[in-house]
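Chemist: Sharing a structure with you now.
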Amino acid sequence: KQDEMCKTGQFPGLRNDLILRAARGQHTERAPVWIMRQAGRYLPEFRKLRESHDFFTCCRTPSLACEITLQPIRRYSGLLDAAIIFSDILVVPQAMGLEVEMLPQKGPHFPDPLETPKDMDRLHKKIDVNKELGYVYEAITMTRKELAGEVPLIGFCGAPWTLMAYMIEGGGSKGFEKAKRWLFDYPEESKVLLQKIADVCADFLVGQVKAGAQMVQVFDSWAGELSPANFRTFSLPYLRSIASTVNERLACSSTACVPMIIFAKGALGHSLPEISRAGYDVVALDWTVEPAVARRVVDLATPGSAAKISKGAADNEAAHRIALQGNMDPSVLYASKEAIEKEVERMLRSKKGGFGGEGAYIANLGHGITPGVDPENLKAYLKAIHRISREINSE
Ligand code: CP3
């Protein structure tokens, strides 16, 4: 059944594969760039569409999700090197049986969050991900066709710990006390829940790739809430589980593997070596890490792959150099265009502690773009990345 859904053969050829090459550890003529939350509330065209459509209706209606995904691609024509499918990480808890609504001004809200491990009985026993989240696959297939090979399409899911945190807190939280209490009081039950979420996430990512996603990112937005020990006990094993399951399952169904990105926000300061060995092709950095330091730490932690500062490694090369992604503080986009350019210089130039020109690098922010940003400032950021990275990468 899943093989019937494999649509990879029927899509138009890709005209810009810069991000796929960088993700495979290769040198590129300039740094590819995309932006977390590039389709979102900072765009007037998104806000306009949201006036007449509820948030999860947008997620569940393939034509709307496709339209929103394409909005930034159109506006920043030629400046973005990837599209990311419009959806939300919270569609997974919905598929597992929890109700989630998006409240205006407040964000996500679970009317009946999990309170004690007994509440795990309320989750579906067996989850047919292809049925529950088939609307995401449809949106991906439709968008991939609409993109007509202009840029690759990224799929995504939330990480088990971040999703568990929402499922217990019932929404955003300052201290995550309820979710963390589970880790201390019910460690074994927490692990059962985390593995259950990881299994759904792996299924979901496999389905997204079969539907046409050319790269996928796992968002562990709340990784930084955990101590180093708890990150390694309650987050990292499940991130590894997702990467290995996705790659095995794709190989078994003769579907080409796609690059996988891990974004463990706030955990890089203590666990960058472990994260770089978790089975992902790309490690996304937040802005609290100095790029040149991260580059060195990741190369040291992954010696087999770092040796291949590969200018021409085969596309499916197993042990390529781990690529980095990031990592500008999103708040820089509130500043003047001159300040934005200056910060891009700092992020890219190796003599300023930046990523340098060796490739294996994807430019992005260190977290999602925020609603108050002027879209023209994002344009200045994208243009600066193009201009400066082309210069540095040819030096
Ligand atoms: O990156 C993209 O453009 C793709 C779409 C995308 C959305 N959410 C759309 C969205 C992605 C990748 C996400 C991931 C997501 N969702 C994360 C992980 C990334 C991160 O920022 O840490 C998280 C934690 C969520 C949960 C979530 N969804 C929150 C906390 C909120 C409300 C606050 C906010 O930042 O906007 C959402 C809503 C949401 N998801 C919006 C969008 C465009 C805005 C909601 C609206 O239109 O009212």
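Taken together, the values in this text are just the output of simple stated rules run on the coordinates, not laboratory data. What you are looking at is a predicted structure, and each value in this text was computed from that prediction instead of being measured. Glycine also receives a Cβ, built like all others from the backbone with ideal geometry; neighbour counts cover every protein chain displayed.
Chemist: Can you give the charge dipole size of the chain about its Cα centre, rounded to the nearest 20 debye, using +1 on the beta carbon of Lys and Arg and -1 on the beta carbon of Asp and Glu?
Modeler: Charge dipole, the chain, about its Cα centre: 720 debye, nearest 20.
Chemist: In sequence order, what are the phi-derived ³J(HN,Hα) couplings for region 378-395 according to the Karplus relation 6.51 cos²θ - 1.76 cosθ + 1.60 with θ = phi - 60°, rounded to whole Hz, with x for glycine and proline?
Modeler: Rounded to whole hertz, the list is 5, 4, 4, 4, 4, 5, 5, 4, 4, 5, 6, 6, 4, 5, 5, 5, 9, 6.
Chemist: If you don't mind, there's one more thing I want to ask. Give the distance, in whole Å, between the Cα centre of region 108-128 and the Cα centre of region 209-226.
Modeler: Region 108-128 and region 209-226 have Cα centres separated by 22 Å.
Chemist: So for the chain, averaging the separation of alpha carbon pairs under 8 Å that are six or more residues apart and normalising by length, what relative contact order in percent results? Walk me through the numbers before you get to the answer.
Modeler: Working: 766 pairs, mean separation 91.6, N = 395.
Normalised by residue count, the contact order of the chain is 23 percent.
Chemist: Please give every one of the aspartates and glutamates within straight-line cross-link reach of Lys379, meaning a C-alpha to C-alpha distance under 19 Å, and leave out same-chain neighbours fewer than 8 residues apart.
Modeler: Counting by Cα, and skipping residues close in sequence, Lys379 has these aspartates and glutamates nearby: Glu45, Asp81, Glu150, Asp329, Glu338, Glu341, Glu343, Glu345, Glu391.
Chemist: For a Förster distance of 22 Å, can you work out the FRET efficiency between the beta-carbons of Ser350 and Lys383, rounded to the nearest 0.05? Mind showing how you got there, number by number?
Modeler: Working: r = 21 Å, r/R0 = 0.96.
It comes to 0.55.
Chemist: So, one more: Whole-Hz Karplus ³J(HN,Hα) for region 13-28, in order, using 6.51 cos²θ - 1.76 cosθ + 1.60 and θ = phi - 60°, x for Gly and Pro?
Modeler: Values, residue by residue: x, 8, 9, 9, 10, 3, 5, 5, 5, 4, 5, 8, x, 8, 6, 10 Hz.
Chemist: I'd like the orientation of helix 291-301 relative to the chain: the angle between its Cα long axis and the longest Cα principal axis, in ° from 0 to 90, rounded to 10.
Modeler: 70
Chemist: Additional query: Along the charge dipole of region 3-393, pointing to its positive end and built from +1/-1 on Cβ of Lys, Arg, Asp and Glu, which listed residue (Ile242, Ser63, Gln10) has its Cα farthest out?
Modeler: Looking along the dipole axis, the top candidate is Gln10.
Chemist: Which one, Pro104, Ser336, Asn364, is farthest towards the positive end of the dipole of the chain when Lys and Arg carry +1 and Asp and Glu -1 on their Cβ?
Modeler: Positive-most Cα among the choices belongs to Ser336.
Chemist: Something else now. Which residues' amide hydrogens lie under 5 Å from the amide hydrogen of Leu324, considering only partners 5 or more residues apart or on another chain, with H built in the peptide plane?
Modeler: Val283, Tyr361, Ile362
Chemist: Stokes-Einstein at 4 °C, 1.567 mPa s, Kirkwood radius from Cα pairs: D for the chain in µm² s⁻¹?
Modeler: For these conditions, the coefficient is 61 µm²/s.
Chemist: Run the quick spin-label model on Met120 and Thr288: label points 7 Å from Cα toward the beta carbon, then report their separation in nm to one decimal.
Modeler: With each label placed 7 Å out from Cα toward Cβ, I get 2.9 nm.
Chemist: Calculate how steeply helix 187-211 sits against the longest principal axis of the alpha-carbon atoms of the chain, using the helix alpha-carbon long axis, and give the answer as 0 to 90 degrees to the nearest 10.
Modeler: Result, in degrees: 60.
Chemist: Grab the DSSP H runs of the chain that are 4 residues or longer, score each as -39,500 (n - 2.57), total them, divide by all residues and round the 222 nm result to the nearest 500 deg cm²/dmol.
Modeler: Details: 17 runs with 181 residues, N = 395.
So the calculated ellipticity at 222 nm is -13500 deg cm²/dmol.
Chemist: Which links in Lys126/Lys180; Lys342/Lys383; Lys125/Lys191; Lys106/Lys191 stretch past 22 Å when you go from one Cα to the other? Intermediate results must be reported in sequence, preceding the final value.
Modeler: Details: Lys126/Lys180 26 Å; Lys342/Lys383 13 Å; Lys125/Lys191 16 Å; Lys106/Lys191 29 Å.
Lys126/Lys180; Lys106/Lys191, as the Cα separations exceed 22 Å there.
Chemist: Still on this structure: Which GluC sites (Glu not before Pro) in region 79-118 sit in a loop by DSSP (not H, G, I, E or B) and have at most 11 other Cβ atoms within 10 Å of their own Cβ? Present the calculation step by step, with values, prior to reporting the outcome.
Modeler: Details: sites: Glu99, Glu101, Glu115; in loops: Glu99, Glu115.
Loop-located and lightly packed - Glu99, Glu115.
Chemist: Mind pulling the angle between the C-alpha long axis of helix 236-252 and the longest principal axis of the chain? Nearest 10 degrees, somewhere in 0 to 90.
Modeler: Orientation of helix 236-252: about 80 degrees from the principal axis.
Chemist: According to the Kirkwood expression over distinct Cα-Cα pairs, how big is the hydrodynamic radius of region 147-201, in Å? Intermediate values should be presented prior to the final figure.
Modeler: Details: mean 1/r = 0.0783 Å⁻¹.
Computed over Cα pairs of region 147-201, the Kirkwood hydrodynamic radius comes out at 12.8 Å.
Chemist: Turning to a different aspect of this structure: Given H placed on each backbone N at 1.01 Å, which residues far from Gly171 in sequence or on other chains put an amide H within less than 5 Å of it?
Modeler: Phe110
Chemist: Something else: For a protection proxy built on the mean count of beta-carbon atoms within 10 angstrom, sort 211-221, 74-84, 32-42, 230-240 highest first, please.
Modeler: Numbers: 211-221: 25.2, 74-84: 18.8, 32-42: 23.2, 230-240: 21.1.
Listed from highest to lowest mean packing, they are 211-221, 32-42, 230-240, 74-84.
Chemist: Suppose the chain between Lys178 and Ser394 were pulled fully straight at 0.36 nm per residue; how much longer would it get relative to their current alpha carbon spacing?
Modeler: Working: separation 216, 0.36 × 216 = 77.76 nm, distance 5.07 nm.
So the extension gain works out to 72.7 nm.
Chemist: Residue by residue through region 139-154, what is 3J(HN,Hα) from phi via Karplus (6.51 cos²θ - 1.76 cosθ + 1.60, θ = phi - 60°)? Round to whole Hz and write x for glycine and proline.
Modeler: Result, ordered by residue: 4, 5, 4, 5, 5, 4, 5, 4, 5, 6, x, 4, 9, x, 10, 9 Hz.
Chemist: Assuming 0.36 nm per residue, please report the length gained on full extension of the stretch Ser77 to Arg277 beyond their Cα-Cα distance. Numbers along the way, then the final one.
Modeler: Details: separation 200, 0.36 × 200 = 72.00 nm, distance 3.51 nm.
Taking 0.36 nm per residue and subtracting the Cα distance, the gain is 68.5 nm.
Chemist: Out of Val151, Ile261, Ala202, whose Cα points farthest toward the positive end of the dipole of the chain (charges: +1 Lys, Arg; -1 Asp, Glu; placed on Cβ)?
Modeler: Value: Val151.
Chemist: A further question on this structure: Considering amide H positions built from the backbone, and no H for Pro or chain starts, which residues 5 or more places from Ala267, or on another chain, come under 5 Å of its amide H?
Modeler: Result for Ala267 returns Gly224.
Chemist: Turning to a different aspect of this structure: Taking the Cα centre as origin and putting +1 on Lys and Arg beta-carbons and -1 on Asp and Glu beta-carbons, what dipole magnitude results for region 71-227, to the nearest 20 debye?
Modeler: Charge dipole, region 71-227, about its Cα centre: 280 debye, nearest 20.
Chemist: Can you give the relative contact order of region 64-173 as a percent, counting alpha carbon pairs under 8 Å and 6+ residues apart? Provide the component values of the computation, followed by the final result.
Modeler: On the way: 118 pairs, mean separation 43.5, N = 110.
Over region 64-173, the number comes to 40 percent.
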